[in-house]
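Report on one structure; see the data block that follows.
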Amino acid sequence: MKIQTLAFAAAAFISSAALAQQNVEVLHWWTSGGEAAALNVLKSNLEKQGVKWNDMPVAGGGGEAAMTAVRARVTSGNPPTAVQMLGFDITDWAKQNVLADLNELAAKEGWDKSVPKALQQFSKHNGKWVAAPVNVHSTNWVWANKEVLTKAGVTTEPRTWDEFIAAAEKVQKAGFVALAHGGQPWQEATVFDGVVLATGGVDYYRKAFIERDPATLASPTTEKVFQRMSQLRKLVDKDFSGRDWNVASGMVISGKAGFQIMGDWAKGEFINAKKVPGKDFLCFRIPGTQGSVTFNSDQFVMYKVGADKAAAQTKLAGAILDPAFQSAFNVVKGSAPARTDVSDAAFDACGKKAIKDLAEANSKNTLVGSIAHGHAAPASVKSAFYDVITRHFNGQLDDKKAAAALVAAAKS
Ligand code: BGC
């Protein structure tokens with residue numbers, strides 16, 4: 001072969017290798033309409049930078065199914081480039097020493113200064129950035145259909161737990177589903193986050209569910225939490241079992257139901273359906289939890305990948321923390337940015353409230369990690385809690401027995 005031909009072949013090989021480097025394989029559970037719309041913002045940002053997106057969706061809020069899929073991939077020695085992950089799951093993987101080191105990029109782009117400490121607690125392990133946080137969600141929200149409330153004669157926003165139950169009962173009496181709910185363990189646990197906070201306040205929440213102090217967990221407050229869960233159980237329709245969360249949001253959007261208790265990813269569904277906050281729907285904190293926030297942050301964990309994939313992985317991490325992206329993405333996703341230096345100008349009324357509540361809760365020390373979404377305890381404890389909460393919601397444990405079972409579950 002002539003020298004020129006060889007050189008040409010070598011150049012062609014190098015450029016195809018370079019092209020092959022420019023792709024990321026991303027595992028996530030963003031499969032609803034609103035979630036897919038938000039994910040598209042990230043996909044198209046990367047595509048503009050020449051990075052191809054290989055999508056690996058595994059549906060299921062809280063990420064339990066996704067975590068099973070990740071385990072299989074990592075065990076077989078073939079981890080994806082990046083995986084959507086929550087709180088303690090990140091720490092579990094970091095301990096296994098299989099995650100990438102993003103410190104160079106983090107230092108260059110000043111992540112230490114701009115990402116809230118409550119998130120850094122999970123994004124960093126032993127001083128090393130291992131994940132790129134994309135948002136801050138919170139779970140203590142109620143979503144309401146304005147027209148349904150008017151038709152049911154609910155004229156003011158409920159401010160206390162009792163007012164909320166009374167309003168929901170009015171909605172039910174008027175012939176609507178009072179509480180749109182999907183009977184899946186993670187959704188019941190999501191509702192539980194807010195009921196714990198509304199019933200025991202932030203000190204009880206922290207002591208019982210983050211510190212897992214047995215005496216606090218065994219106190220009468222825990223039984224009261226389950227009594228309130230039982231009140232909510234009477235407000236759901238008979239077909240709730242197994243329903244997906246976005247289908248439940250759809251019931252509020254279409255005017256079949258009055259309320260949904262769900263994290264602010266629900267807002268993504270309302271926006272995707274072209275509904276306007278204040279006009280078509282209302283967002284307010286679960287009555288009794290005003291001033292406190294139960295948060296969860298979606299982070300993209302970066303696995304150790306071969307040199308051929310590292311450049312695209314760095315581009316992905318950089319794109320996630322880009323301030324303009326953080327605004328564009330979170331406007332669609334329903335969450336607040338994972339950086340404190342992003343303006344709220346592009347956000348709607350619910351988004352502005354989310355950002356303001358988060359900053360206030362952070363400064364007043366009333367910001368606590370979501371039990372349901374892996375920010376209060378490691379996965380083993382979280383799953384044991386899910387089990388008790390769901391069995392109670394489905395009538396297999398009474399309030400008292402559920403409270404006792406929770407004490408045992410905390411020891412998992
Ligand atoms: C995630 C959200 C997601 C929701 C429902 C939560 O665990 O943090 O980003 O939208 O699950 O899929």
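The values are calculated or read from the model by the stated rules, or taken from the named source; none is laboratory data. If you're wondering where the values come from, they're calculated on a predicted model, not measured in any experiment. Backbone-built Cβ (ideal geometry, glycine too); neighbour counts: all protein chains shown. SASA here: full protein model, heavy atoms, side chains in, ligands and nucleic acids out. Shrake-Rupley method; radii C 1.70, N 1.55, O 1.52, S 1.80 Å.
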Full-extension gain in nm, Asp239 to Gln49, via 0.36 nm per residue minus C-alpha separation:
63.8 nm
Find the relative contact order for the stretch 283-412 and round it to a whole percent, using C-alpha pairs within less than 8 Å whose residues are 6+ positions apart.
25
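Per residue, how many Å² of accessible area does the chain show with a 1.4 Å probe? Intermediate results must be reported in sequence, preceding the final value.
Details: 16620 Å² over 412 residues.
Per-residue accessible area for the chain comes out at 40 Å².
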Net charge contributed by nearby residues that have their C-beta within less than 9 Å of Pro378 (K/R +1, D/E -1)
-1
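How much net charge surrounds Gly278 when only other residues with a Cβ under 12 Å from its Cβ are counted (Lys, Arg +1; Asp, Glu -1)? Mind showing how you got there, number by number?
Working: positive: Lys146, Lys275, Lys279, Lys352, Lys353; negative: Glu157, Asp280, Asp348.
Summing Lys and Arg as +1 and Asp and Glu as -1 gives +2.
Per residue, how much space in cubic angstrom lies within the convex hull of the C-alpha atoms of the stretch 282-347?
Details: hull volume 7.6 nm³, N = 66.
Given the Cα convex hull of the stretch 282-347, per-residue volume reads 115 Å³.
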For the stretch 293-365, the charge dipole (Cβ of Lys, Arg +1; Cβ of Asp, Glu -1; about the Cα centre) points to a positive end, and the Cα of Val332, Ala312, Ser343 closest to that extreme belongs to Ala312
In straight Cα distance, which lysines are under 21 Å from Lys353, not counting same-chain residues fewer than 8 positions off?
Lys117, Lys146, Lys267, Lys274, Lys275, Lys279, Lys333, Lys364
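If you restrict to DSSP beta bridges whose two residues both lie in the chain, what percentage is antiparallel, to the nearest 5?
Details: 22 of 37 bridges.
So the antiparallel bridges amount to about 60 percent of the total.
What do you get for Rg/Rh over the stretch 153-261 if you use C-alpha atoms and the Kirkwood form of Rh?
On the way: Rg = 14.8 Å, Rh = 14.7 Å.
When Rh is taken as the Kirkwood radius, the ratio is 1.01.
Rounded to two decimal places and with Rh computed the Kirkwood way over Cα pairs, what is Rg over Rh for the stretch 66-166?
Working: Rg = 20.6 Å, Rh = 17.1 Å.
The Rg/Rh ratio comes out at 1.21.
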So if I take the centroid of the Cα atoms in the stretch 232-275 and the same for the stretch 339-412, what is the distance between those two points in Å?
18
Sorted peptide list for 144-156, 291-303, criterion being average Cβ within 10 angstrom, highest first:
291-303, 144-156
Please list log₁₀ I(q)/I(0) at q = 0.09 Å⁻¹ for the stretch 268-381, using the Debye equation with identical point scatterers on the alpha-carbon positions.
-0.32
For the stretch 314-412, the spread of Cα positions along each principal axis, largest first, Å
49, 33, 26
Taking only the alpha-carbon positions of the stretch 333-372 as identical scatterers, the Debye log10 I(q)/I(0) at q = 0.20, 0.23, 0.30 Å⁻¹ comes out as -0.63, -0.80, -1.12
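Quick check of the Kirkwood formula: for the chain, what is the inverse mean of 1/r over all pairs of different Cα atoms, in Å?
Details: mean 1/r = 0.0453 Å⁻¹.
Answer for the chain: a Kirkwood hydrodynamic radius of 22.1 Å.
Tell me, Kirkwood radius of the stretch 21-64 from alpha-carbon pair distances, in Å? Let's see the in-between values first.
On the way: mean 1/r = 0.0909 Å⁻¹.
Mean inverse Cα-Cα distance, inverted, gives 11.0 Å.
For the stretch 87-146, just run the numbers: alpha carbon Rg, then divide by 2.2 N^0.38 Å, N being how many residues it has. Could the numbers behind the result be given before it?
Values: Rg = 14.5 Å, N = 60, 2.2 N^0.38 = 10.4 Å.
Here the answer is 1.39, to two decimals.
Quick one: net charge of Lys117's neighbours, Cβ under 13 Å, K/R +1, D/E -1? The partial results should precede the final answer.
Details: positive: Lys113, Lys124, Arg339; negative: Asp112.
With Lys, Arg at +1 and Asp, Glu at -1, the neighbours total +2.
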Enclosed volume per residue, in Å³, of the convex hull spanned by Cα atoms of the stretch 159-214
92
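Give me the percent of accessible area attributable to carbon and sulfur for the chain, probe 1.4 angstrom. Mind showing how you got there, number by number?
Values: 9170 of 16620 Å².
That fraction is 55 percent.
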Can you compute the modelled spin-label distance between Ala307 and Glu147, with each label point 7 Å from Cα toward Cβ, in nm?
6.2
Tell me, what is the percent relative contact order of the chain, built from C-alpha pairs under 8 Å that lie six or more residues apart?
27
Protection-proxy order for peptides 399-405, 134-140, 94-100, each taking the mean of Cβ atoms within 10 Å per residue, highest first
134-140, 399-405, 94-100
